Amino acid sequence: MKSPTALLTAIAQALLNQAGDRLHGPHVSEVLPAVAKEAWEAWGEPRDGIARRLEVEALGVATAEVVLEA
């Protein structure tokens, strides 16, 4: 299994890809649907349900150090 932070990485990358310089003010809410779609395509679709569940569980018990290293 990849690092449990792969989900967070996919979300962050999708947010940057979709929002770019619009990460402030009301513009963020305008890009959230596209961010969610891109994050799902990068993280969710390539994994089966068991792999997704295991990764989210690992993220839930990961230490702050592990998350901050990502």
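The values are calculated or read from the model by the stated rules, or taken from the named source; none is laboratory data. For clarity, every value in this text was computed on a predicted model and none was experimentally measured. When the accessible area is computed, the model is the full protein with side chains, heavy atoms only, and any ligands, DNA or RNA have been set aside. Shrake-Rupley method; radii C 1.70, N 1.55, O 1.52, S 1.80 Å.
Run Gly25 past the list (1) open to solvent by less than 90 Å² (accessible area, probe 1.4 Å); (2) in a helix (DSSP H, G or I); (3) at pLDDT below 80 and report the number of the one that doesn't hold. Result: Gly25 fails condition (2) only. Considering the range 31-46, the residues that are among the hydrophobic types (A, V, I, L, M, F, W, C) and open to solvent by less than 60 Å² (accessible area, probe 1.4 Å) include one that is modelled with the lowest pLDDT, namely Val31.
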